[in-house]
């Protein structure tokens with residue numbers, strides 16, 4: 001890979017990297033705005049349109065459906081065309097779609113059907129944007145700095161999501177729920193503007209000669225690419241199983257806290273705020289911990305801790321002390337999730353050829369997004385059949401699955417981030433093969449992991 005002109009030579013210079021700053025600013029604005037919509041749209045449906053519980057569920061379902069249906073197609077398009085243009089198109093579609101809600105409210109024409117259409121279109125535009133955005137980063141910074149870049153992005157996104165929820169509540173109080181969505185409209189316009197100002201070349205297209213090739217052929221190449229590389233296959237499976245377990249838990253988590261543990265809305269907000277702080281802390285600490293202990297051991301320990309963080313929730317009874325315990329556990333859980341997410345995403349981006357970045361990310365998005373609705377339905381069925389607390393126990397047990405997947409893989413002994421890959425050939429045939437393994441023992445024999453770790457000297461930043 002050829003580094004962009006102002007690619008940093010040291011981690012500290014990331015903040016002086018103009019294109020990286022533009023990328024981070026635009027994406028943080030988008031995350032902030034999305035948090036506004038996530039908070040405001042259900043309020044608008046319930047308070048202004050008198051939506052029933054079933055209608056609210058359908059509204060949520062329509063918003064979550066596009067990633068499961070369109071992620072693979074969006075990834076193939078991002079590898080075929082300009083990623084920046086695809087991001088801007090997605091942002092502008094989202095902005096225009098959301099702007100229709102306050103306009104309809106002013107004209108007294110807003111309906112629940114329109115909100116459902118908006119949720120579906122915005123979800124589809126978000127898939128288009130995210131497929132390109134996730135795969136653009138490796139062309140902005142040198143691959144040796146990807147882990148630090150993802151760390152800063154993850155920390156900023158956690159703060160932006162919390163700020164967006166609070167801003168959504170404030171805008172709703174000041175302007176009403178329909179006009180509050182204008183905050184998200186502005187965020188999409190900021191994201192599009194920042195993306196348009198990025199100047200770094202995107203790297204070689206996967207399919208420079210893609211005319212005449214069908215999109216499903218390119219999608220198939222992405223699926224085979226991930227399947228053939230054991231590192232990509234393992235990390236994608238870890239993602240999908242973690243997402244399914246957390247989706248099952250999250251479906252009933254708020255209900256359990258508010259009803260079974262009699263937690264107030266204020267206390268719930270404080271607990272969620274602690275979780276956001278944990279996510280930021282985990283993302284920011286991941287590169288340092290990976291450098292000291294190795295990415296493999298870091299992910300293994302974090303995945304092992306995650307099921308244990310559910311114990312306070314399962315043992316809790318109403319009371320302030322248990323609320324503090326649940327808040328601390330959520331802080332630790334999301335710190336572990338962010339550390340694993342930042343690390344595994346960086347590994348996948350480093351080892352993937354430039355022309356396959358978007359399709360590789362799309363496979364992971366497709367599996368994780370597809371797992372969530374299924375897990376939510378399973379949670380509802382189990383919650384009705386065996387009760388809420390036993391269902392949470394089932395979800396906790398499912399959190400052991402990604403730990404087992406990683407433990408059975410050679411990646412558990414990965415003691416350093418993979419090295420920088422050479423620029424891949426431009427031909428499509430070369431791109432359907434997994435990226436060559438980096439020079440040196442990037443994935444050592446797990447049996448020898450202990451000896452290798454003791455011999456490691458202090459290394460530079462990943």
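Every read-out reported here was derived from the displayed coordinates using simple, explicitly stated rules and does not represent laboratory data. As the structure is a prediction and not an experimental result, all values here were calculated from the model. FYI the Cβ positions are ideal-geometry reconstructions off the backbone, even for glycines, and counts take in every protein chain you see.
Annotations
- For region 287-308 and region 28-81, distance of Cα centres in Å: 32
- Its relative contact order, with pairs defined as Cα atoms under 8 Å and 6+ residues apart, puts region 13-202 at 47 percent.
- Across region 13-202, Cα-Cα distances exceeding 20 Å account for 55% of all pairs.
- Residues 89, 347, 326, ranked from the fewest to the most other C-beta atoms within 10 Å, line up as 89, 326, 347.
- Per-pair calculated FRET efficiency, R0 = 56 Å: residue 258 and residue 69 via Cβ, rounded to 0.05: 0.95
- Treating r as the C-beta distance of residue 49 and residue 215 and R0 as 45 Å, the FRET efficiency rounds to 0.75.
- Each peptide in 151-161, 241-251 gets a packing score, the mean of other Cβ atoms within 10 Å over its residues, and the list from highest to lowest is 241-251, 151-161.
- Here the residues 50, 354, 108, ranked from fewest to most Cβ neighbours within 10 Å of their Cβ, fall in the order 108, 50, 354.
- 83, 109 arranged by Cβ crowding within 10 Å, fewest neighbours leading: 109, 83
- Between the beta carbons of residue 311 and residue 108, assuming R0 = 51 Å, the FRET efficiency works out to 0.50 to the nearest 0.05.
- Packing order of peptides 222-235, 129-142, 287-300, highest average first: 129-142, 287-300, 222-235 (average count of other Cβ atoms within 10 Å over each peptide's residues).
- Counted residue by residue at 0.36 nm each, then reduced by the alpha carbon distance between them, the extension gain from residue 270 to residue 404 reaches 45.0 nm.
- Rg/Rh, computed from the Cα trace of region 249-349 with Rh as the Kirkwood radius, has the value 1.04.
- Computed from the C-alpha gyration tensor, the three semi-axes of the ellipsoid equivalent to region 120-186 are 30, 16, 7 Å, from longest to shortest.
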